[in-house]
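These notes concern the structure reproduced below.
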Amino acid sequence: MADTQTKETIVFTYGTLKRDFPNYTLIQDLILQNDAAYIGTCITHQSHPLVIGPHGIPFLIKLPGAGHHVNGELYCVSTRGLARLDEFEGTSNGHYERLPIQVTKTENKGEGSDIVLSEAEAYYAHRSFGERLWEKRGRIGLSEYSQNNAKEYVKKEDRDKDVSFLDSIEMLLSKS
């Protein structure tokens, strides 16, 4: 990412945007356009709930101290790349909120390793439903969104066009 005029943001990915997961093609496209660069793997500094919602969609929930330390990846993203991620994650539609998170990255240097605490931003389930989703899932979450979880994921283009994303969340939450 050579353009020094562009503000860059460190983004923590924990779900379908990780390498070898269903939406990684967006990250690959950003990398090809010089709008993102892979930094490495990491884990959240604090525990957070990570649950699966409708369509197999992973949601990190802004309840620090609950759940597990969550594994993920860090990317350095340009302003233009961040706008594309925000659009993909539906931040203007109340799907996700991009908020700060602290992550710990292990740097391997010779025989030992250094723990590096970093500030990043993550896409959390929107506050209008996040905590209710955590409750609905019995306050049981994941430490990592796995390939097994990804088998349940339904891409946007394959979902029922007559049911909005937020309606699918509300339908899940209203089931007894």
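Quick notes on this one:
- FRET efficiency for the pair residue 158 and residue 92, taken as 1/(1 + (r/R0)^6) with r the Cβ-Cβ distance and R0 = 25 Å, rounds to 0.65.
- Net length available on complete extension from residue 19 to residue 146 is 44.6 nm, with 0.36 nm assigned per residue and the Cα-Cα distance removed.
- Placing unit charges on the Cβ atoms of the charged side chains and taking the dipole of the chain about its Cα centre, the candidate lying farthest along the positive direction among 120, 90, 140 is 140.
- By average C-beta atoms within 10 angstrom, highest first, the peptides 95-101, 58-64: 58-64, 95-101
- Greater than 26 Å apart at Cα, pairs in 18/175; 136/156; 62/175; 7/151: 18/175; 7/151
- The mean sequence separation of alpha-carbon pairs under 8 Å and at least six residues apart, normalised by the residue count of the chain, gives a relative contact order of 28 percent.
- Per residue, the convex hull volume that the Cα atoms of the chain enclose (Å³): 129 Å³
- With every protein chain in place, the chain: carbon and sulfur % of accessible area (1.4 Å): 49 percent
- Here the spin labels are modelled as points 7 Å beyond Cα on the Cα-Cβ line, and at residue 173 and residue 80 they lie 3.7 nm apart.
- Gyration tensor analysis over the Cα atoms of segment 7-103 returns equivalent ellipsoid semi-axes of 21, 15, 13 Å (largest first, whole Å).
- Taking the DSSP beta bridges with both ends in the chain, the antiparallel portion is around 90 percent.
- A simple packing score, the average count of other Cβ atoms within 10 Å per residue, orders the peptides 16-23, 136-143 as 16-23, 136-143, with the highest score first.
- Surface analysis of the chain yields an accessible area of 53 Å² per residue, using protein heavy atoms and a 1.4 Å probe.
- Rounded Å value of the spacing that divides the Cα centres of segment 122-137 and segment 52-95: 11 Å
- Net charge of the neighbourhood of residue 91, taken over other residues with C-beta under 9 Å away and scored Lys/Arg +1, Asp/Glu -1, is -3.
The values are calculated or read from the model by the stated rules, or taken from the named source; none is laboratory data. None of the values given here were measured: they were computed from a predicted structure. A quick note on method: Cβ atoms are made from the backbone with ideal geometry, for glycine too, and the neighbour counts reach across all protein chains shown. When the accessible area is computed, the model is the full protein with side chains, heavy atoms only, and any ligands, DNA or RNA have been set aside. Shrake-Rupley method; radii C 1.70, N 1.55, O 1.52, S 1.80 Å.
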